[in-house]
Amino acid sequence: MQVFFDTEFTTIELDGFRTLISIGCVASDGREFYAELTDTWHRANCSEFVVTTVLPLLQGGEYRMAEAELATRLQGWIEGLTEDKVILRTDSPRADWPWVEQLFTFFGCWPKNLRRKCGTIYFNHDFQINRYIEGLEVYWKLNGARRHHALVDAQSLLFARNYAIERRA
């Protein structure tokens, strides 16, 4: 089972102090998981880009939770997908994966079916890479107003991946 995921942090800079705001996951069969953290970030620590672009997209309500609750809920969601191996895939492993590793390690709840290495989004042929890029463009033409919402961004990755591998007549 493949799960495409995206995260939003207090800044887009990889080398500075950054903390997690939200995570979105979409399984290859369409099941989704979304959460916003309540105890890892403060508006004062957010970059101007995050304040103007990411924070207005947060949904609040049932999606807000502390990091410890997120760890157990995400573990349960991943384990509930399948008994087979689950691979988390992202278009930004350097930014997204370290947080996943730290979350499950710190709280001691690594999902029993989750591979301990991040998967990237890759293709064997240049035409598929081009189709993937085209798929992202198609997706964002339809959903551009919500870009940088973690779940919507994860949905875009799955959409573009499927777009890239679909058979064309």
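The values are calculated or read from the model by the stated rules, or taken from the named source; none is laboratory data. The shown structure was predicted, so the numbers you read here are calculated from the model rather than taken from an experiment. So basically every Cβ, Gly included, is an ideal-geometry build from the backbone, and we count neighbours across all protein chains shown.
On inspection, Phe107 passes the criterion of being without any contact (Cβ under 8 Å) to a residue 60 or more places away in the chain and either aliphatic (A, V, I, L, M) or in contact with a Ser or Thr (Cβ under 9 Å, 6 or more places away or on another chain) (or both). Taking the range 1-39, which residues are within 17 Å of Met65 (Cβ to Cβ) and out of contact with any Ser or Thr (no Cβ under 9 Å at 6 or more places or on another chain)? Correct list: Cys25, Glu32, Phe33, Thr38, Asp39. Would a scan of the range 81-93 turn up a residue that is part of a helix (DSSP H, G or I), surrounded by 13 or more Cβ atoms within 10 Å (Cβ to Cβ), touching a residue at least 40 places away in the same chain (Cβ under 8 Å) and over 11 Å from the mean Cα position of the chain (by Cα)? Yes: one or more hits. Considered as a group, the residues in the range 152-169 that are among the small types (Gly, Ala, Ser) and surrounded by fewer than 21 Cβ atoms within 10 Å (Cβ to Cβ) include one that is farthest from Val51 (Cα to Cα), and that residue is Ala169. Evaluating Ile121 against the criteria (1) farther than 15 Å from Gly24 by Cα; (2) surrounded by fewer than 18 Cβ atoms within 10 Å (Cβ to Cβ) leaves one unmet condition, (2). The residues of the range 17-75 that are under 21 Å from Phe106 (Cβ atoms), hydrophobic (A, V, I, L, M, F, W, C), modelled with pLDDT of 95 or more and assigned to a loop (DSSP other than H, G, I, E, B), listed by number, are Trp41, Ala66. The number of residues in the range 126-151 that are surrounded by fewer than 21 Cβ atoms within 10 Å (Cβ to Cβ), part of a helix (DSSP H, G or I) and touching a residue at least 40 places away in the same chain (Cβ under 8 Å) comes to 1.
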